[in-house]
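A.B. asks: Below: one structure in structure tokens.
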Amino acid sequence: MVSPWFIATALAGFNTAQATLIDVKAAGSTGQSVLLSTEFELAFQVVVGGGTAGLTVARRLSEDSTKNVLVLEAGRSGINDTLVTIPKNSFSFVGSDIDWFYNTVPQTYAVNQTVNLSSGKILGGDSAVNGLVWVRGAREEYDAISDLGNPGWDWDGFYSAMKKAETLETPSRELVDEFGFVINSSTVGSRGPVNVSFPAFLPIANQKIINASVQLGHDFNSDAYEGNNSGVFYTLSSEAQSSVRVTAEFAYADPVLSRKNLVILYNGALVSSLNLTGTSTVTASSVNVRFPDGTVTCARPKKTGEVLLSAGTMRTPQLLELSGIGDPSVLSPLGIEVKVDLPGVGANYEDQTLTIVTYLLKEPYQSFDALSYDSALEAQQEELYKQGKGWLTFANSVLNMSPANKILSAEEVVEAKQILATKPPTIQQDLFDSIKSRVFTVPQAEYLLFNSFSAGPVKEANRSYVSMAITHLHPLSRGSIHIASTSIDDHPLINPNLLESEWDRWFLAKATAYARKFFQTPAFLEIFEKEVYPT
């Protein structure tokens with residue numbers, strides 16, 4: 001079982017009775033002392049980034065007690081922080097101290113909008129701030145990764161790894177009877193570090209979308225975890241039945257703090273660049289770690305060790321380019337010596353596009369909006385949460401995942417094939433062919449409900465809303481992430497090139513228009529009064 005909190009003492013050196021967890025801001029010079037200690041030079045692996053992947057890697061590597069592992073993380077801990085631990089607060093981190101504050105450059109094909117790409121600056125990374133949705137892709141999508149030249153990275157390989165990561169906490173009979181939750185326990189793991197479960201509450205709109213989908217002709221999928229994720233289905237959440245979010249920090253770091261060969265420096269251990277050695281074969285001999293007081297200290301792995309870069313989608317290419325690894329056309333104008341000519345760094349960046357529709361609930365139905373205008377309800381729900389019950393236990397638990405032919409008319413399918421006959425300019429041919437071949441067989445559109453007012457110009461006082469997010473899962477547009485300065489403090493230029501592809505523009509519009517059909521079903525007409533965005 002995952003404990004929602006832990007207490008660790010900052011200790012210097014590896015030769016201790018337990019792992020070293022050092023809050024750099026609180027511990028003063030202790031962090032620098034560790035990096036400069038003789039014992040530290042025995043480190044085999046230096047992991048840059050203590051996010052979802054970084055902490056997972058660190059835990060697995062430190063299973064070998066003869067090899068010491070160091071994790072370097074700029075963000076703080078999420079322990080005892082209700083912004084992190086309470087499921088209802090998912091996405092509430094935006095604009096807080098655990099937000100990296102990423103934004104795209106103005107998007108040419110999206111009326112020059114600058115799009116927010118907030119990301120978790122915290123131990124556990126985005127696992128500490130996301131929507132808690134625990135779901136798998138389609139079997140064919142994983143097999144496609146292998147077919148594109150990555151042997152072993154297919155459904156069978158991924159499936160065993162996914163099950164290894166999770167422990168299913170089956171819902172109580174009370175929750176099954178009240179909300180209809182269904183899960184095939186044999187297709188979900190039972191011994192992994194990440195506890196997954198259904199929330200103790202399901203809002204009325206999330207209950208109704210099951211019937212709304214079926215009324216539109218979508219299949220109810222009773223087992224979306226064995227390679228078929230089409231249809232409407234209940235999704236597990238990355239939360240324990242104690243109703244606490246499970247992050248990579250809680251799941252992967254907390255349980256192994258007894259390991260004396262693991263050191264985690266966090267809350268101010270900012271890696272600013274890699275130090276590279278060699279000519280024909282270039283290796284990372286150390287990394288530069290900047291501490292809150294501005295001092296920079298090198299973290300050096302043992303000569304036979306490694307530096308593992310796990311700094312996230314935005315920061316990983318930034319660190320590589322700042323260190324001289326990347327496209328000369330990006331590095332040379334900034335005066336950065338090219339150590340490794342690698343044009344692929346920061347290239348081929350893809351991001352999903354999303355639109356939102358918002359509807360007003362009929363009275364007396366309520367959403368999370370009611371917590372802001374009904375103080376008695378807010379107090380009641382806070383008390384219920386202490387018992388692991390009520391509204392605050394919920395982030396999300398129902399998805400509708402639809403292949404293109406499920407939401408397009410026969411005439412639109414013909415038009416879709418005509419558009420897909422031409423490859424967009426920024427995507428590689430093999431990748432285009434792979435995605436194109438699965439447009440009508442695996443989900444392309446995701447429909448997910450937000451239990452609150454999430455977009456729109458006007459919000460009536462003392463009324464509740466629900467928004468639906470429509471996501472294009474496999475866009476064809478490709479962009480880049482490149483540095484524009486030599487400073488780690490300047491965010492890279494993030495350009496996903498959203499909607500550059502005609503297919504992306506056309507399909508997102510069709511998927512968004514289809515969303516309105518859910519709200520025209522008997523199931524949704526029972527609870528919704530009107531559309532307020534767009535109008």
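The values are calculated or read from the model by the stated rules, or taken from the named source; none is laboratory data. Quantities reported herein were computed from a predicted structural model and do not represent experimental measurements. Using ideal geometry, Cβ is built from the backbone for each residue, glycine included, and neighbour counts are taken over all protein chains shown. Only protein heavy atoms, including side chains, enter the accessible area calculation; ligands, DNA and RNA are left aside. Shrake-Rupley method; radii C 1.70, N 1.55, O 1.52, S 1.80 Å.
A.B. asks: Between SER33 and ILE419, what FRET efficiency follows from the Cβ-Cβ distance if R0 is 56 Å, with the result rounded to 0.05?
C.D. replies: 0.40
A.B. asks: Just the number, please: Stokes-Einstein D of segment 368-482 in µm²/s, Kirkwood Rh from C-alpha pairs, 20 °C, 1.002 mPa s.
C.D. replies: 120
A.B. asks: Rounding to the nearest 10 and keeping the result within 0 to 90°, find how far the Cα-based axis of helix 502-518 lies from the longest principal axis of the chain.
C.D. replies: In the chain, helix 502-518 runs at an angle near 50 degrees to the longest axis.
A.B. asks: Take the Cα of PHE440, step 7 Å along the line toward its Cβ, and report every residue of segment 389-430 whose backbone nitrogen sits under 18 Å from that point.
C.D. replies: Counting backbone N atoms under 18 Å from the label point, the list is 402-423.
A.B. asks: Would you please name the trypsin sites (Lys or Arg not before Pro) within segment 184-247 that are DSSP coil residues with at most 12 other C-beta atoms within 10 Å of their C-beta?
C.D. replies: Passing sites in segment 184-247 are ARG191.
A.B. asks: To the nearest 0.05, how large is the calculated FRET efficiency for TRP506 and ASP374 if R₀ is 60 Å and r is the Cβ-Cβ distance?
C.D. replies: Working from the Cβ atoms, E equals 0.90.
A.B. asks: Which of rounded, prolate, oblate describes segment 131-268, given a ≥ b ≥ c as roots of the alpha-carbon gyration tensor eigenvalues and a/c under 1.5 marking rounded, otherwise prolate only if a/b is larger than b/c?
C.D. replies: Cα axes put segment 131-268 in the oblate bin.
A.B. asks: Using only the alpha-carbon atoms of segment 28-161, report the extent along each of the three principal axes, biggest first, to the nearest angstrom.
C.D. replies: 54, 40, 32
A.B. asks: Would you list, by chain and number, the aspartates and glutamates whose Cα falls below 15 Å from the Cα of LYS530, excluding same-chain residues fewer than 8 positions away?
C.D. replies: Excluding near neighbours in sequence, the set is GLU363, GLU460.
A.B. asks: How big is D for segment 148-194, in µm² s⁻¹ as a whole number, if Stokes-Einstein is applied with the Kirkwood radius of its Cα pairs at 20 °C and 1.002 mPa s?
C.D. replies: 172
A.B. asks: Would you mind classifying segment 249-374 by shape? Square roots of the alpha carbon gyration tensor eigenvalues, ordered a ≥ b ≥ c; an a/c under 1.5 is rounded, otherwise it is prolate if a/b is larger than b/c and oblate if not.
C.D. replies: oblate
A.B. asks: For LYS260, give me every one of the aspartates and glutamates with a C-alpha distance below 13 angstrom, ignoring sequence neighbours fewer than eight places off in its own chain.
C.D. replies: GLU39, GLU63, ASP64
A.B. asks: Now, a different point. Please determine, in degrees from 0 to 90 and to the nearest 10, the orientation of helix 410-419 with respect to the longest principal axis defined by the Cα atoms of the chain, where the helix direction is its Cα long axis.
C.D. replies: 30
A.B. asks: Once each part is reduced to its C-alpha centroid, what is the distance from segment 435-492 to segment 146-170 in angstrom?
C.D. replies: Each part's Cα centre sits 25 Å from the other's.
A.B. asks: Under a crude label model (7 Å from the Cα following the beta-carbon direction), how far is ASP147 from THR187 in nanometres?
C.D. replies: Output for this residue pair reads 2.1 nm.
A.B. asks: Roughly what angle does helix 312-322 make with the longest principal axis of the chain, taking Cα atoms, 0 to 90 degrees, to the nearest 10?
C.D. replies: In the chain, helix 312-322 runs at an angle near 40 degrees to the longest axis.
A.B. asks: What is segment 420-535 by shape, rounded, prolate or oblate, if you read a ≥ b ≥ c off the alpha carbon gyration tensor as root eigenvalues and call it rounded for a/c under 1.5, prolate for a/b larger than b/c, and oblate otherwise?
C.D. replies: oblate
A.B. asks: Count neighbours as other Cβ atoms within 10 Å of each site's Cβ, and list the GluC sites (Glu not before Pro) in segment 460-514 that are DSSP loop with at most 12 such neighbours.
C.D. replies: GLU460
A.B. asks: Write down, largest first, the equivalent ellipsoid semi-axes of segment 96-142 in whole Å, where each equals the square root of 5 times an eigenvalue of the alpha-carbon gyration tensor.
C.D. replies: Equivalent-ellipsoid dimensions as semi-axes: 25, 21, 7 Å.
A.B. asks: Hey, another quick one. Using the Kirkwood formula over every pair of different C-alpha atoms, what hydrodynamic radius in Å results for the chain? Provide the component values of the computation, followed by the final result.
C.D. replies: Details: mean 1/r = 0.0403 Å⁻¹.
Taking the inverse mean of 1/r over all distinct Cα pairs, the chain comes out at 24.8 Å.
A.B. asks: Next question, about the same structure. Provide the solvent-accessible area of TRP153, counting protein heavy atoms only and rolling a 1.4 Å probe, rounded to the nearest 10 Å².
C.D. replies: 150
A.B. asks: Can you show me the helix-derived [θ] at 222 nm for the chain, built from DSSP H runs with n ≥ 4 at -39,500 (n - 2.57) apiece and divided by the number of residues, rounded to the nearest 500.
C.D. replies: Estimated from H runs of four or more residues: -7000 deg cm²/dmol.
A.B. asks: Can you list, bin by bin at 5 Å, the percent of alpha carbon pairs in segment 303-462, starting at 0?
C.D. replies: Binned Cα distances yield the sequence 1, 6, 9, 10, 10, 10, 10, 11, 11, 10, 7, 3, 1, 0.
A.B. asks: Also, I was wondering about something else. Across segment 434-451, in residue order, what do the Karplus-derived ³J(HN,Hα) couplings come to in whole Hz, using 6.51 cos²θ - 1.76 cosθ + 1.60 with θ = phi - 60° and x for Gly and Pro?
C.D. replies: 5, 5, 4, 5, 10, 4, 9, 10, 10, x, 10, 10, 10, 10, 9, 9, 9, 7
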